[in-house]
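First comes the structure, then the notes that go with it.
The values are calculated or read from the model by the stated rules, or taken from the named source; none is laboratory data. No experiment lies behind these values; they were computed from the predicted model shown. Here Cβ is always computed from backbone atoms with ideal geometry, including for glycine, and neighbour counts include all displayed protein chains. All accessible areas refer to the heavy atoms of the entire protein, side chains included, with ligands and DNA or RNA removed. Shrake-Rupley method; radii C 1.70, N 1.55, O 1.52, S 1.80 Å.
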Amino acid sequence: MDMTQVGILAFGILIVLVVIGVPIAWATSLVAFGGLWTLFGLEQAATQFYTTAFNTGSEFLFASIPLFIFMGQVVNLSRIGEDLFSSLYRFFGHLPGGLLVTTIGACAGFGAVTGVSSAAVGTMSRIALPELQRYKYDMSLATGSLASAATIAIMIPPSLLMVLYGLWTETSIGKLFLAGIVPGIITAVVFSAYVMFKCQVNPALGPKGPSFTWSERISSLWKVVPVVVIFVVVIVGMYVGLFTPGEGAAVGAFFTTFLALAMRRIRVSDLKGAFVDTARLSAMIFCVLISASVLARFLVATQVTTLVTDGIAGLGYDRYVIFAVICLMYLILGCLLDAFGMILLTLPFVFPIIMHLGFDPVWFGVVLVVLTEVALITPPVGLNVFILSKMTQQASMAQIFRGAMPFVFLSLAVILLITIFPDLALWVPSTMIK
């Protein structure tokens, strides 16, 4: 076999390993190392693996990953999510489906200080589910809305997936963060509008809650001050060029810990668990990123990436047709793979195609995050649905998936909107101070 055939065979083996359940980091490492060994020998393969691991692991921006994760861990421990939910409920609780509208808004706000969807669904389900049950909300709609709303957390900056995308594609993480703000807000508004419409047509699905006075609403805003402070410090600091994303992660982690300790929401002893969980998740992400980087080198060496890019470009289709096919591919992969695996396995092929077609890498980063959101609520893998099903006995996984399906189509509508009007994602980062 020639080099290209070896590359195609290796990628096929990788797909099989992932489908049968081999962890993504192990499968990718084995295939990449084995392929390089076959082509260049053991010594050269080991050298390539070591060089890639060292260069990737020593990248300064890599430090932002554990810092953002730690920031989310501290926020989760400090019960800031409860304060955010309580304040927003005073503003939106009286609307049709008001508890769900509050939950959607709280998930978006929670994402502004964590950027991790699983943390959002875990925290908000603990807060919102007892209230949703008490007010006798339809559990399919309630749990589907909650699982879907938590996905907004990975679009509102700081977003861990945007950090990974930016590191792998060498796209400005600061611009990616800023690009996610408007689409994230639009997604939250669209989700809320759908819930309100459903509950207005059929009030039994989500009855209105009590109405609060304006003095009660305004007095509750002090509870969201920590969220606002953390978001402003991190995002505005990057926007005005005060610090880089890596430095912003450090500043955000420091401010989050300082506020949580100053408010007596956590003790110093509580930080041990945050450190341990951060180390575990960071190690997993580092392994996946390093193995994906080695795989990318292998695919380039075998010219598989070039073959795929040239083959698609030679079809002569309109670039939006090819883009639609790429989106369809991600929807299918989302039913089989987790978010990290889906992104890092496909980027070696997809990103060169996107660049060849002339799409903006920042814009595509936002689109990819939205597609990943969909993957978190589609069967059979749907991580958010899996987490939520473990936290409630009132709805089965099938009910949650059924309740989440309308939000899949709403997310696709958001992609269509930012495709027609790309400035919805690109205008804010275009004004960023260099």
Once a ≥ b ≥ c are taken as the square roots of the eigenvalues of the Cα gyration tensor of the range 118-261, is the result rounded (a/c under 1.5), prolate (a/b larger than b/c) or oblate (a/b not larger than b/c)?
prolate
Please give the net charge around VAL229, taking every other residue with its beta carbon less than 15 angstrom from that of VAL229, where Lys and Arg add +1 and Asp and Glu add -1.
+1
Can you give the net charge of the other residues whose Cβ lies under 12 Å from the Cβ of PRO203, counting K and R as +1 and D and E as -1?
+2
Sorted largest first, the Cα spans of the range 293-353 on the principal axes come out in Å as 31, 29, 13
Sequence ranges 51-58, 28-35, 253-260, ranked by mean other-Cβ count within 10 angstrom, highest first
28-35, 253-260, 51-58
Hand me the tally of lysine pairs in the chain: alpha carbons under 17 angstrom apart, and the pair either on different chains or 8 or more positions apart.
4
Rg and Dmax [Cα atoms of the range 1-106; Å; Rg one decimal, Dmax integer]
23.6, 68
In the range 312-408 the accessible area split gives carbon plus sulfur, as whole percent at 1.4 Å, a share of 69 percent
Take each of the peptides 355-362, 317-324, 61-68, average the number of other beta-carbon atoms within 10 Å over its residues, and list them starting from the highest.
61-68, 355-362, 317-324
May I have the convex hull volume per residue, in Å³, for the Cα set of the range 316-434?
130 Å³
Quick one: putting +1 on the C-beta of Lys and Arg, -1 on the C-beta of Asp and Glu, what dipole do you get for the chain around its Cα centre, in Debye to the nearest 20?
1340 debye
Express the accessible area of the chain per residue in Å², computed with a 1.4 Å probe while the remaining protein chains stay in the model.
42 Å²
For the range 383-434, the percent of all C-alpha pairs falling in each 5 Å bin, from 0 up to the bin holding the max distance, is 5, 17, 16, 12, 12, 11, 11, 10, 5, 2, 0
Surface/4 of the Cα convex hull for the range 222-315, nm²
10.2 nm²
Test of understanding: express the Cα radius of gyration of the chain as a ratio to 2.2 N^0.38 Å, with N the residue count.
0.99
List the pair-distance distribution P(r) of the range 174-234, using every Cα-Cα distance, as the percent of pairs falling in each 5 Å bin from 0 up to the bin containing the longest distance, rounded to whole percents.
4, 13, 11, 16, 20, 19, 11, 6, 1
Would you calculate, for the chain, the mean residue ellipticity at 222 nm contributed by helices, counting each DSSP H stretch of 4 or more residues as -39,500 (n - 2.57) and dividing by all residues, to the nearest 500?
-24000 deg cm²/dmol
